[in-house]
Structures are given as C-alpha cells and as structure tokens.
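Colleague: Let me begin by handing over the structure; questions about it come next.
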Amino acid sequence: MAEHAQVHAEVHGHDHDHHHDHDHDHDHHEQSFISKYVFSEDHKTIAKQFLIMGLIWAFIGGAMSVIFRLQLGFPDMNLEFLRPILGTWINETGKLGQEQYLALVTMHGTIMVFFVLTAGLSGTFSNFLIPLQVGAPDMASGFLNMLSFWFFFLASVIMFASLFIETGPASGGWVVYPPLSALPQAMSGSGLGMTMWLMSMSIFIASSLLGSINYITTVINMRTKGMSFTRLPLTIWAFFLTAIIGVLSFPVLFAAALLLIFDRSMGTSFYLDQIYIGGEALHNQGGSAILYQHLFWFLGHPEVYIVLLPALGITSEIIATNSRKPIFGYHAMIGSMIGIGFLSFIVWAHHMFMTGMNPFLGTVFMFLTLIIAVPSAVKAFNYIATLWQGNIIFTPAMLFSIGLVSVFISGGVTGIVLGNNALDIQLHDTYFVVAHFHIVMGSASFFGFVAGVYHWFPKMFGRMMDAKLGYIHFWITFIGIYCVFFPMHYTGIAGFPRRYYSHTGFDAFNKFADLNMFISGAAIVTFFAQGLFAFNFVYSIFRGRIAPENPWNATTLEWTTPRVPGHGNWPHGQIPHVHRWAYDYSKPNADKDGFGDFIPQHIPLSQTPNSNTEHDMAHSHKAQHA
Amino acid sequence: MTSVIVISSLILTFAVLILLFRIQSLVAVLKGSHETVGTSNKVNAAMMVVIPLLMLVAAAMHYPHAAKEFHLPIASEHGVWTDDLFWITIYVILVMFLITNAALFGCAFYYQYNPNRKASFYHDNPTVEIVWTIIPAVIMAVLVFAGWRVWYNTMEFPNDKNAEVIEIMGKQFAWQVRYPGKDGVLGKYDFRLIDDAKGNEFGIDFEKEGADDDFLARELHIPKGRPVRLKIRARDVLHSVYMPHFRVKMDAVPGMPTEFVFTPTKTTEEMRTETGNGKFNYELACTEVCGKAHFAMKYIIVVEEEEDYKKWYAAQKTFLEDKPEFKGKGMSSLKKKNLASAEKEVKTEKN
Ligand code: HEM
Ligand SMILES: [Cu+2]
Ligand SMILES: [Cu+2]
C-alpha cells in the first residue's frame with residue numbers, strides 16, 4: 001500500500017524534475033563535445049562507451065586466444081610472422097615463449113571474464129536498458145555512473161599498459177593464486193605485471209560497485225507509475241539481481257586482492273607459509289594459500305552468474321518478442337533467477353575439491369552445487385516452452401538467443417559431471433573444465449551480448465544493422481564454437497591439463513595432434529568471422545538503414561521513445577505510465593481493440609476492453625486499491 | 001616485399017567486399033524488400049534443423065576415433081568406481097542434451113513465422129512447471145547420492161590397511177619422492193633446513209628420529225594390490241599431483257601437507273601387455289599452474305608386484321649413505337636468529 005503511494009509521489013516528483021531538466025537542457029544545447037561524449041552523465045552515452053570498450057577488449061582477448069591456440073594446435077609452426085605484433089614474446093626459435101604463453105592465457109581469461117562480459121555486457125545493457133525499460137529519465141546518479149565508466153577506463157589502461165612492460169603482464173592464470181602470484185621470484189609475470197593486475201582489478205571493482213549500486217537504486221526507486229516489480233521485463237529482473245550479486249561478492253575479491261597486495265609489498269603472510277624459493281627460505285609463516293582461494297571463489301563463482309544472468313535476461317526479452325508470445329512461466333523465471341542468485345553464494349568450494357580441503361566439506365559443496373542445476377534447467381525448459389506454439393521471426397538477435405539456449409544446455413549438462421566431486425578428481429584442471437566453462441559461460445554470455453547488440457542497436461544508434469550479415473555471422477559463430485569447444489571434452493577426458501604450453505611431453509596426452517589442429521583451425525575461422533560483426537556494427541552506425549521507432553514490434557517502454565532518445569529519454573519529460581506486464585504478445589481479441597499482435601505496456605486497460613483477461617482486471621483492481 | 005603485396009591485396013579484397021555489400025544493400029532498399037519476414041526466415045528455420053543434425057552426424061562419425069584415444073586404461077581400485085559413475089553420468093546427460101536440444105531446434109523450425117497463424121497466448125502452467133522442476137531434481141538426487149558413495153569410499157574413508165607411506169614434493173619444476181626406509185617412518189622436516197646447494201632438498205631434520213633411513217628415489221615405485229598413502233607437499237608455489245591412470249589428483253600446497261590414498265591394481269608390465277605398447281610408462285603430471293615449465297613436470301611411476309617392490313626397496317641407498325655429512329644435522333645447526341622462531345614452531349608442532 002505504502003509502496004504504491006510512494007511510487008506515485010515519486011513519479012510526480014519526476015515530472016517536476018523533468019520540466020526543470022528540460023529547461024535546463026536548453027541552456028546546455030551548446031554542450032561541448034567533451035561533456036556530451038566524453039564525460040557524459042547520460043546513461044545512453046555511458047552505455048555506448050561501455051559497449052565500445054567492451055568490444056575492443058573482446059577483439060584483443062579473442063586475438064590472444066588465437067595466438068596461444070596456434071602454439072597448441074601447430075606446435076612446430078614458425079611464428080616469426082607474429083613478431084611485428086608480439087616482438088620479443090616470440091623467442092629466437094620462432095616459437096611463443098613459455099612464460100609468454102601463460103601471460104596470454106592469463107590476460108585472455110581476465111579480459112574476457114571481467115572486461116568483456118562483466119563491464120562490457122552488464123555495463124552496456126544495464127546502463128542502456130534500466131532507465132528506458134523502467135520508465136526513468138536517467139540513472140539515479142548520473143555522476144556515479146560516469147565515474148563507473150571512467151574507473152573502468154582507468155582499469156583498462158593499466159591492464160593494457162601491463163602488456164608492454166619488460167617483465168610481462170600477470171601470468172599465473174586469471175585466478176592469480178598465491179604463492180605464485182605473491183612471489184616475484186616465482187615467475188617474471190609475478191613482478192610489476194602482477195602489481196598492475198592488482199591495481200587494475202581494484203579499480204575495476206570500484207567501477208563495478210559504483211555501477212551496481214546505481215542499477216539497484218534506479219530499479220527500486222525510479223520505476224514509473226504502474227511499473228510494479230511483477231510487471232518488470234525479465235531483462236530488468238536479471239540486471240537487478242546481477243547488481244545485487246555483484247555488490248555482495250566483489251568486495252570479497254577486493255579483500256582478497258588487498259591481502260595479496262600486503263603479502264607482496266609489506267611483508268605480511270596472509271597467504272604464505274613455509275616457502276623456500278630462489279635458494280632461500282622466506283620469513284613468511286602461518287598464512288594459508290587456501291584462504292585466498294576461498295576468498296577468490298566467493299566472488300569467482302557468483303561472477304559466473306554475473307556474466308550469465310544479464311545474457312539470460314536479454315534472451316528472455318528477445319525470445320518472447322520474436323516468438324510473438326509471452327515468455328513462458330514469468331514467475332518461475334524470476335523465481336529461478338532468485339534461486340540461482342542465492343545458491344551462487346554457497347557453492348564456491350566446488351572449484352576447490354582437490355585443494356586438500358576436508359573431504360566432508362567437499363560432500364557438502366557437491367550437494368549444494370547440484371541443487372543449482374535445478375533452477376537452471378527450469379529456465380531452459382521455459383525458453384523452449386516460449387518457442388512452442390509461437391510464430392517465430394528469425395532476426396539475428398533471435399538466432400543468437402536460440403543459440404544461447406542451446407549452448408546453455410550443452411555447457412550446463414557437463415556442469416553436472418564436474419559438480420560431482422568424485423568425478424572432479426580426474427577432470428579438475430583439465431580441458432574438460434575449459435570446454436565446460438567456455439560453452440556455458442563464455443559462449444552463452446557472448447551470444448547474449450551479441451544478441452543484445454543486434455536487438456537494441458536501433459535504439460542506440462537510430463539505424464538498423466544489416467540482417468543478412470547477421471545471419472551469416474550467427475551460423476559461422478554457432479558452428480564455430482561447437483567445433484572449438486566440443487572436442488576439448490575429449491582431450492579433457494584423456495586428462496590433458498589446462499594451462500599447458502604443449503601436449504607433446506606426455507605419452508598419455510600426446511594423442512590428439514589432429515584434434516588440436518582442428519580446434520585451432522576452427523578458432524581462427526570463428527575469430528575472423530567476428531570481423532563480419534565488427535564491420536556490420538561500424539558500417540551501420542554511419543550508413544545503416546534508418547530505424548523505425550519500434551522495429552521489432554515490442555511491448556516494452558524503450559520502444560515508445562523517439563528514434564534516438566535525447567537527454568531525459570522521453571520528450572518534455574513525459575514518461576509513460578505502465579498498465580500491464582511486458583508480455584502482451586498475440587493476446588486473444590487484441591485485434592478487436594485495434595491492436596496487432598502486441599499491446600505495449602503503456603496502453604491503459606480501458607483502451608483494450610475486448611482483450612483484457614480476468615487476470616488483468618484483478619491485477620489493476622489490486623493496484624488501484626493498494 | 002611479399003608482405004606488402006599480401007597486405008595490399010587483403011585491403012583490396014576487403015574494399016571490394018564492402019563495395020559489393022553497399023550495392024546489395026542499396027538495391028535492397030530500392031526494391032523495398034526489407035520486411036523482416038521474408039524468404040530468409042524460411043532459410044534460417046531450415047538451418048535450425050539442418051545444422052544441428054549435420055553437427056550431430058559429424059560428431060557421431062568422429063566419435064569412435066576419438067573414443068579410441070581418450071579412454072585411459074584404469075590402474076587403481078577407485079578408478080573403476082569413478083569411471084563407471086562418469087560414464088553413467090555421461091549417458092544421462094547425453095539423453096538430457098539430446099532431448100532438450102531437439103525440442104529447442106524442433107520448436108524453432110516447426111513454429112517458424114507463418115502469416116496465417118497466430119501465436120498462442122499460452123504462458124503459464126503451474127503443473128508443468130512443477131513437473132519439470134521435479135524431474136531434474138530427482139535425477140540430481142540420484143547422481144548426488146551415487147557420487148557421494150564413491151567420494152566417501154575414495155576420499156573420506158579410503159581403505160588404508162597396511163598402506164605404504166611415500167612422500168612426494170613439488171618444486172619449480174620437478175617432483176621429488178622420499179621413502180620412509182626400513183622403519184616405515186618418514187623423518188621430520190623443516191623448510192628452513194632446505195639447502196639445494198648441499199643437497200638437502202627436502203629439508204630433512206636429521207636430529208629427529210625416523211630420518212636416518214629415509215631414502216630418495218628417481219621414480220615413484222609403488223606396490224600393486226596394496227594401498228599407497230601419498231603424502232603431498234610443495235615447497236615454493238602450488239603444484240598438483242596428477243596421476244591420470246590412477247584417477248588420482250591432489251594439490252600440493254606450501255605449508256599445508258595433503259594426502260591421497262589409493263590402491264594400484266596393475267603393474268607397469270601388465271599395462272604394457274594390456275596396451276600393447278612395450279614402452280608404456282605411467283606418468284605423473286602437474287595440474288596447478290606453477291610457472292614457466294609447469295607443462296614439463298613429468299615424473300615416471302613404476303608399479304611392481306609386491307616382492308619386486310620389496311626387493312627394490314631393500315636395494316636403495318639411504319640419504320645418509322649417500323651424503324654422510326648430514327648425519328645429525330638438524331634445527332640446531334641453523335643460525336641463532338632463525339632459531340627463535342624455530343623453537344616456537346617446534347612447540348606448536350607438539351601440541
Ligand atoms: C575465440 C574464442 C575463444 C577461444 C578459442 C578460447 C580458447 C581458450 C583456451 C584454449 C583456453 C585454455 C588455455 C590453457 O589452459 O592453456 C582458454 C582459457 C580461458 N578462456 Fe577462453 N577462449 C575463447 C573465448 C573465451 C570467452 C568468450 C571467455 C569468457 C568467459 C573465455 C574465458 C576464458 C578463461 C576464464 C580462461 C581461463 C584462463 C586461465 O586458465 O587462467 N574465453 N581459452
Ligand atoms: Cu563455480
Ligand atoms: Cu605445475
């Protein structure tokens with residue numbers, strides 16, 4: 001009851017602000033280039049900044065994987081031709097150096113997980129869609145939002161710079177476990193490169209927290225009139241839960257990083273104990289290397305969902321829109337996201353089954369881990385049920401969303417194997433794990449990211465991307481990622497360990513020369529196929545077909561804005577009110593009300609007497625009396 | 001010179017492609033053929049079944065070749081249990097994978113856009129929701145239970161009657177193995193006693209009991225048919241003992257000794273016959289990234305019949321026979337300033 005009154009009051013408040021803002025805007029029309037495009041506080045501009053940074057990083061991170069895949073797939077190949085790019089990382093024999101291999105793997109993982117799929121994905125779409133879909137003129141705090149991007153930018157600059165220093169960037173794997181990462185004498189990447197990694201990540205965490213706090217506040221406080229939580233599009237639910245997970249888990253990573261900084265530079269022993277290295281016994285005693293892993297994975301596992309949930313939210317929206325059908329099991333979808341979000345905090349030690357932690361603890365974490373498969377399965381079923389009896393239009397976004405569901409299933413089922421600790425004895429830290437997480441987390445989130453770009457590009461840039469190029473892009477990518485990651489299960493079952501520079505040293509693992517070559521070939525093709533996307537993206541920003549206001553006939557509020565929404569999103573601060581959920585697609589009798597196969601969220605029930613269901617009426621009745 | 005030609009021809013090809021693309025899109029605009037749902041929708045719908053089917057066929061045809069390679073023969077008791085469970089789980093998830101992917105792509109194809117049909121407004125069914133929550137929950141419960149039994153018998157309460165105790169230590173970038181000798185007791189160690197230059201790489205403390213008859217070995221010899229308790233530690237960074245044929249893996253952590261108990265079931269000789277590879281050797285690898293030569297931390301394991309093992313064991317020279325200068329050397333040989341903390345350490349160890 002109170003809640004509603006509050007929303008109401010606030011909306012009025014906004015209207016006010018709005019007029020104000022708008023007048024304000026007039027003086028600002030001569031805004032300098034800098035405040036408009038660089039230090040902008042507009043959520044749409046910030047979203048585009050995140051998008052472009054994210055895409056740049058994606059190409060850098062992808063190129064790195066192609067380079068180390070060359071080493072793995074073609075161990076005898078002369079890589080001299082890469083010297084112009086890699087310089088001394090190619091050694092005298094024309095091979096990628098061994099430490100440089102690890103450096104590339106580490107940077108690839110860090111970049112992909114944090115910079116592309118956390119900042120790039122969440123930063124772009126949470127920023128762009130939250131105000132537009134909840135009906136708000138901007139984020140709760142434009143300034144914090146701007147800081148969030150510039151912190152990310154700073155983190156990026158530091159990480160990028162670390163690629164060029166003499167001792168090389170951090171090289172201990174993206175998880176940077178101590179003691180390896182704590183001791184500069186253990187490998188050259190643990191020197192200055194590691195310091196820069198820690199600096200960069202600390203700043204990155206600040207960026208992520210600033211963003212998340214803003215997203216949460218905006219969703220809670222700035223929904224337009226009528227936009228109750230049960231009318232929020234699933235995208236917003238996903239971004240909202242992601243932000244909460246981020247706020248609860250990133251500080252723990254910060255703590256882990258801080259203690260590591262202390263161990264590295266102030267002689268403390270949080271993670272170090274009884275170490276003899278480089279011909280001397282270190283003074284450090286009493287620390288625990290395992291403590292770091294607990295702290296790291298307390299973020300690390302939720303992080304998997306931080307990258308995945310936004311992709312799933314985006315997919316929900318795209319699948320419903322292009323099936324011309326309401327999402328199946330709206331409440332079950334929310335319920336399972338909340339379930340996943342909660343469970344994601346109590347499964348972290350499944351990454352540590354073989355660290356020597358008490359085996360009983362392993363049992364507990366196996367139970368918890370396999371429970372999380374249930375809400376994940378429910379989500380997959382609901383997506384399929386949404387397609388069922390739909391009338392499907394295959395836009396490029398829709399293709400990538402269907403692809404996402406497929407890889408989410410294919411990668412998810414192998415999680416059932418890995419979560420079973422008895423099976424993890426053999427599979428832990430092998431390519432089976434690499435295959436699993438690339439499919440379920442890497443590919444699924446990447447597909448969600450790309451799908452989102454195709455889908456909301458028209459609202460971002462006012463132009464359409466080319467659909468045909470999009471189709472080709474999808475099919476090459478879809479086939480490509482299965483060709484790259486599916487065979488890795490085989491090498492994993494054979495036991496080939498991850499982060500290995502070469503598979504030829506062991507008879508047990510040295511049986512897959514052909515397969516490795518195939519994987520590397522497929523990776524190269526897949527990587528270069530992303531050029532189609534890059535071209536389509538850049539080309540369409542400038543030359544794409546002019547987009548209509550609502551190109552996909554979707555119901556959500558962002559499509560009621562002008563072709564290119566200005567500052568404040570709706571002209572004259574006229575924020576639409578919401579009268580129904582986001583999924584009134586193909587509603588029976590809508591045609592009698594003069595609507596096609598969708599009724600946007602802002603259409604009052606009074607305009608649709610024929611198509612209103614009993615449920616609609618009950619809901620609005622409740623809302624009025626609340 | 002060649003690179004200039006290659007680069008300029010690449011640029012040229014790229015330019016031509018862009019031009020073609022531009023012409024194609026302009027023609028499309030002129031023809032006004034940019035509605036979202038045209039023939040390409042049918043093509044994409046068809047691809048939704050054709051491509052996954054083709055991939056499935058390709059995978060199925062390739063499978064027998066791959067399967068020949070990835071089946072590592074099993075050489076331990078619990079390895080049989082974990083492998084059985086692994087393959088059962090794989091079959092279960094394979095079924096789930098096939099059904100759900102078939103439903104996904106089947107629906108995508110079958111419900112492709114048709115101007116004469118309207119999508120249904122069907123969006124909720126609590127019964128269905130409950131059913132498909134319970135089905136995976138039951139499957140998970142069964143797998144969890146099966147997994148827990150194996151884990152319990154392998155890790156929590158392994159059979160360790162008369163277990164042979166052996167220590168393995170990881171360092172950058174090699175493994176080292178120590179045997180307790182005739183008394184069956186591994187001597188104490190302290191990391192401050194490690195001295196690579198003189199040869200005490202384990203930091204064995206020869207003032208304490210049990211160390212005198214310890215010996216080191218160049219290969220990991222283990223007896224067939226009797227449990228082996230592998231005591232695992234690391235002295236610099238994390239490593240991880242991985243013995244793929246034995247389905248054994250356990251991290252080696254500086255400051256925190258770990259262990260793994262397992263029972264080998266096939267000698268190296270038997271495995272040579274079984275695989276038909278006269279040069280077969282069991283290998284031990286490192287699976288926790290530890291630096292530059294992580295990928296090269298190989299160690300050979302030799303499994304022998306009990307009597308051969310006993311014979312080999314008895315023939316080994318002890319550490320002190322090899323390096324008599326260490327006799328009696330222990331913590332008190334360290335400099336005073338290190339000792340302060342050393343004594344504290346000894347006290348806590350006793351507790
Ligand atoms: C072109 C596509 C990609 C290819 C070919 C690729 C390939 C690989 C390979 C082969 C490894 C293992 C290297 C090793 O252990 O020696 C690896 C590691 C990794 N990749 Fe990717 N990857 C790709 C995209 C992605 C994406 C989209 C993500 C996002 C989640 C990702 C995240 C990671 C992570 C976290 C690691 C682990 C790094 C580490 O071991 O520290 N990759 N990648
Ligand atoms: Cu996890
Ligand atoms: Cu290693």
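Colleague: Would you work out the relative contact order for chain B, in percent, from Cα pairs under 8 angstrom that are 6 or more residues apart?
Modeller: 16
Colleague: Here is a follow-up. Taking 0.36 nm per residue of separation and subtracting the Cα-Cα distance, what length does fully extending B:Y63 through B:I135 add?
Modeller: 23.0 nm
Colleague: Continuing with this model, one more query. So which lysines can B:K118 reach, going by Cα to Cα under 16 Å and dropping same-chain residues fewer than 8 places off?
Modeller: A:K325, A:K587, A:K592
Colleague: Along Cα→Cβ, 7 Å out, is where each label goes; now give me the distance between the ones at B:W87 and B:K198 in nm to one decimal.
Modeller: 5.5
Colleague: Tell me the label-point distance for the pair A:N610, B:K327, using the 7 Å Cα-to-Cβ offset, in nm and rounded to one decimal.
Modeller: Using points 7 Å along Cα→Cβ, the separation is 10.7 nm.
Colleague: Please list B:E129, A:E280 from largest to smallest accessible area, probe radius 1.4 Å, with all protein chains kept in place.
Modeller: Accessible-area ranking of B:E129, A:E280, largest first: A:E280, B:E129.
Colleague: Between the alpha-carbon centers of the stretch B:151-206 and the stretch A:127-205, tell me the distance in whole angstrom.
Modeller: Each part's Cα centre sits 40 Å from the other's.
Colleague: May I ask you to derive the FRET efficiency for B:F14 and A:S502 from their Cβ-Cβ distance with R0 = 30 Å, giving the value to the nearest 0.05?
Modeller: In this case the efficiency is close to 0.30.
Colleague: Right, another one. Within 10 Å of each Cβ in A:331-344, how many Cβ atoms from other chains are there, averaged over the peptide?
Modeller: 1
Colleague: Could you order peptides A:502-513, B:280-291 by the average number of other Cβ atoms within 10 Å of their residues, highest first?
Modeller: Put in order of decreasing packing, that is B:280-291, A:502-513.
Colleague: From the Cα gyration tensor of the stretch A:557-625, with a ≥ b ≥ c the square roots of its eigenvalues, which class applies: rounded if a/c is under 1.5, or else prolate if a/b is larger than b/c, or else oblate?
Modeller: It comes out oblate by the Cα gyration axes.
Colleague: Given the C-alpha centroids of the stretch A:527-585 and the stretch B:49-83, what is the distance between them in whole angstrom?
Modeller: The distance from the Cα centre of the stretch A:527-585 to that of the stretch B:49-83 comes to 45 Å.
Colleague: Past the 20 Å Cα-Cα mark, which pairs from B:K171/B:K298; B:K198/B:K329; A:K48/A:K459; B:K231/B:K327; B:K182/B:K317?
Modeller: With Cα atoms farther than 20 Å apart: B:K231/B:K327.
Colleague: Which log10 I(q)/I(0) values does the protein assembly as shown give at q = 0.07 Å⁻¹ under the Debye formula, counting every alpha carbon as one identical point scatterer?
Modeller: -0.63
Colleague: Please give the length that would be gained between B:K208 and B:N125 if that part of the chain were fully extended, namely 0.36 nm times their separation in residues minus their C-alpha to C-alpha distance (nm, one decimal).
Modeller: Here the answer is 22.7 nm.
Colleague: Here is a follow-up. Give me the accessible area buried between chains B and A, both sides summed, with a 1.4 Å probe, in Å² rounded to the nearest 100.
Modeller: Chains B and A together bury approximately 10300 Å².
Colleague: Same structure, new question: Using a Förster distance of 45 Å, how high is the FRET efficiency between B:I99 and A:L258, based on the Cβ-Cβ distance and rounded to 0.05?
Modeller: The computed FRET efficiency comes out at 0.45.
Colleague: Students sometimes get this wrong: rank B:V228, B:V50 by accessible area, probe 1.4 Å, all chains present, largest first.
Modeller: Final ranking, largest accessible area leading: B:V50, B:V228.
Colleague: Continuing with the same structure: Need one value: the accessible area of A:K325 in square angstrom, 1.4 angstrom probe, rounded to the nearest 10.
Modeller: 0
Colleague: What does the accessible area of B:S120 come to, in Å² to the nearest 10, when a probe of 1.4 Å is used?
Modeller: Counting only protein heavy atoms, the figure is 30 Å².
Colleague: What does the extension gain come out to for A:E549 and A:A513, with contour length at 0.36 nm per residue minus their alpha carbon separation?
Modeller: 7.7 nm
Colleague: Heavy atoms only, probe 1.4 Å: what % of the accessible area of the stretch B:164-337 goes to carbon and sulfur, would you let me know?
Modeller: Carbon-and-sulfur percentage of accessible area, whole number: 51.
Colleague: Take every residue in peptide A:89-99, count the Cβ atoms of other chains within 10 Å of its Cβ, and give the average of those counts.
Modeller: 1
Colleague: Quick one: if the Förster radius is 60 Å, what FRET efficiency do B:M55 and B:N162 give, using the C-beta to C-beta distance and rounding to 0.05?
Modeller: My answer for the efficiency is 0.70.
Colleague: Could you sort B:R117, B:R178 by accessible area so the largest value comes first, with the probe set to 1.4 Å?
Modeller: These residues rank, largest area first, as B:R117, B:R178.
Colleague: Bin by bin, in steps of 5 Å, what percent of the Cα pairs in the stretch A:327-469 do you find, going until the bin that has the longest distance?
Modeller: Once binned at 5 Å, the Cα pair distances of the stretch A:327-469 give 2, 9, 15, 18, 18, 14, 10, 7, 5, 2, 1, 0.
Colleague: So, one more: Taking only Cα atoms and a 10 Å spring cutoff, compute GNM fluctuations for chain B and point out the largest among B:F86, B:F14, B:F105.
Modeller: The residue with the greatest mean-square fluctuation here is B:F14.
Colleague: Taking 8 Å as the Cα distance limit and 6 or more residues as the minimum spacing, I'd like the relative contact order of the stretch A:167-279 as a percentage.
Modeller: Relative contact order here is 29 percent.
Colleague: Specify the inter-centroid distance of the stretch A:588-615 and the stretch A:281-313, based on alpha-carbon positions, in whole Å.
Modeller: 49
Colleague: Using per-residue counts of other Cβ atoms within 10 Å, averaged over each peptide, order B:155-164, B:67-76 from highest down.
Modeller: B:67-76, B:155-164
Colleague: Say a paramagnetic label sat at a point 7 Å from the Cα of A:E280, along Cα to Cβ; which residues of the stretch B:181-195 have their backbone N under 18 Å from it?
Modeller: B:191-195
Colleague: Moving on to the next point. Would you check the accessible area of A:M617, probe 1.4 Å, heavy atoms only, in square angstrom rounded to 10?
Modeller: Number for this one is 100 Å².
Colleague: Give me the one-decimal nm value for the distance between modelled label points at B:L26 and A:L144, 7 Å along each residue's Cα-to-Cβ direction.
Modeller: Taking the two extended label points, one gets 5.0 nm.
Colleague: Right, here's the next one. To the nearest whole number, what is the average tally of beta carbon atoms from other chains within 10 Å of the beta carbons of peptide B:42-55?
Modeller: Across B:42-55, the average partner-chain Cβ count within 10 Å equals 3.
Colleague: Could you tell me, in Å, what Rg and Dmax come out for the Cα atoms of the stretch B:74-206?
Modeller: Expressed in Å, the Cα Rg and Dmax of the stretch B:74-206 come to 28.0, 89.
Colleague: When a/c is below 1.5 the answer is rounded, else prolate if a/b is larger than b/c, else oblate, so apply that to the stretch B:164-337 with a ≥ b ≥ c taken from the square roots of the Cα gyration tensor eigenvalues.
Modeller: It comes out oblate by the Cα gyration axes.
The values are calculated or read from the model by the stated rules, or taken from the named source; none is laboratory data. Everything numeric in this text was worked out from a predicted model, so none of it was measured. Virtual Cβ from ideal backbone geometry, glycine too; neighbours counted across all protein chains shown. In case anyone asks, the SASA skips ligands and DNA or RNA and just uses the protein heavy atoms, side chains included. Shrake-Rupley method; radii C 1.70, N 1.55, O 1.52, S 1.80 Å.
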